[in-house]
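*Asks:* One structure follows; several queries about it will come next.
The values are calculated or read from the model by the stated rules, or taken from the named source; none is laboratory data. This one's a predicted model, so the numbers in the text were calculated from it and none came from an experiment. Methodologically, a virtual Cβ is constructed for each residue, glycine included, from the backbone with ideal geometry; neighbour enumeration extends over all protein chains shown. Note: areas computed on protein heavy atoms with side chains; ligands, DNA, RNA excluded. Shrake-Rupley method; radii C 1.70, N 1.55, O 1.52, S 1.80 Å.
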Amino acid sequence: MAAELSTSINIKEPRWDQSTFVGRAKHFFTVTDPRNILLTNEQLSHAHSIITDYRKGIVSPGLTEDELWRAKYVFDSAFHPDTEEKMILIGRMSAQVPMNMTITGCMMTFYKTTPAVLFWQWINQSFNAIVNYTNRSGDAPITVSQLGTAYVSATTGAVATALGLNALTKHVSPLIGRFVPFAAVAAANCINIPLMRQRELQHGIPITDENGNRLGESTKAAQQAISQVVVSRILMASPGMAIPPFLMNHLEKKAFLKRFPWMSAPIQVSLVGFCLVFATPLCCALFPQKSSMSVSRLEPELQEKIRASHPGVERVYFNKGL
């Protein structure tokens, strides 16, 4: 008879060492696995019960360590790390590759006319707003007006950037014109993410010591978290929006696409998808999910509070969001 699984496995942390890029990459290849969006409610509920029971010291009969880790990643794929609420399906990181490959591929295929730019930038920012809200840091709610402001501002910024650059590139090579969607996406990320997470910038995000004991809320931590997410999101979009234009520019001169021009969109979507399968987890892994900073970089009043109540704490930790 197999021995019962130990209750000492630390499932609060990922399975792999998060102090190394390789460890973080393995973690995010699992987190962003598109197959997770196919999981049923029953499978999610089963994983939820395994993890919540294990946290209480209850081990399901016959549970193995591999099954425990699988349950943890299923749990993490669908439930917010701070609120533990079930996340919106298309806002989950496992939906990033299929959703982004479709939207980005279409943005890059239909970028020449104003109606097409308006439509696909609107679709992209609608999706980004859902993702940014779903993967926010902390457990504080965001108001409807804040959501609306972020959504309208990011969409306006992306559309204005795309239309402005399209006007400037009418007299240059078609290849340069293909990079307009990327410039618009980069600009929109710089607007959308900070606005969608503006409450964190105003009121701070929860910070803890290395053992998870909550020490307060910090706006300085929120600034670091959001800046890291902006960088990783822009880099995440780069391969899928930088490599396919060169390939498509070459392919469209060939007889095949001249004979079957309708194949341009499926080919471009497939190329973007191939890039995103690798870019999404690798760029998420650039910065640790459980980010940290020195106490000396926090707000002065928070530094005083921590040094008075926890004099031995030199670094604080927080969920940076995705």
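Matching residues to (1) without any contact (Cβ under 8 Å) to a residue 24 or more places away in the chain; (2) touching a Leu at 6+ places or on another chain (Cβ under 7 Å):
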position	(1), (2)
Ser296	yes, no
Ile306	no, yes
Gly312	yes, no
Lys320	no, no
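Condition check ((1) open to solvent by 40 Å² or more (accessible area, probe 1.4 Å); (2) modelled with pLDDT of 80 or more; (3) under 30 Å from Thr20 (Cα atoms); (4) assigned to a helix (DSSP H, G or I)) across all residues:
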| position | (1), (2), (3), (4) |
| --- | --- |
| Pro206 | no, yes, yes, no |
| Glu210 | yes, yes, yes, no |
| Ser264 | no, no, no, yes |
| Cys275 | no, yes, yes, yes |
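*Asks:* Another question, if that's okay. Across the stretch 66-89, what is the total count of residues that are among the β-branched types (Val, Ile, Thr) and open to solvent by 60 Å² or more (accessible area, probe 1.4 Å)?
*Replies:* So the count comes out to 1.
*Asks:* Related question: Which ones in the stretch 1-42 are of a type in the set (Phe, Trp, Tyr) and not in a loop (DSSP other than H, G, I, E, B)?
*Replies:* Across the stretch 1-42, the qualifying residues are Phe21, Phe28, Phe29.
*Asks:* Could you list, in sequence order, all residues of the stretch 231-253 that are modelled with pLDDT of 85 or more and open to solvent by 20 Å² or more (accessible area, probe 1.4 Å)?
*Replies:* Hits for the stretch 231-253 are Val231, Ile234, Leu235.
*Asks:* For the stretch 104-116, indicate whether the set of residues that are outside the structural domain of Gln43 (by the TED database), modelled with pLDDT of 85 or more, open to solvent by 40 Å² or more (accessible area, probe 1.4 Å) and closer than 21 Å to Asn189 by Cα is non-empty.
*Replies:* No, there is no match, as no residue in the stretch 104-116 is outside the structural domain of Gln43 (by the TED database), modelled with pLDDT of 85 or more, open to solvent by 40 Å² or more (accessible area, probe 1.4 Å) and closer than 21 Å to Asn189 by Cα.
*Asks:* Kindly provide the set of residues from the stretch 280-300 that are part of a helix (DSSP H, G or I), over 21 Å from Glu210 (Cβ atoms) and of a type outside the set (Ser, Thr, Tyr), ordered by number.
*Replies:* Those that are part of a helix (DSSP H, G or I), over 21 Å from Glu210 (Cβ atoms) and of a type outside the set (Ser, Thr, Tyr): Pro281, Leu282, Cys283, Cys284, Pro300.
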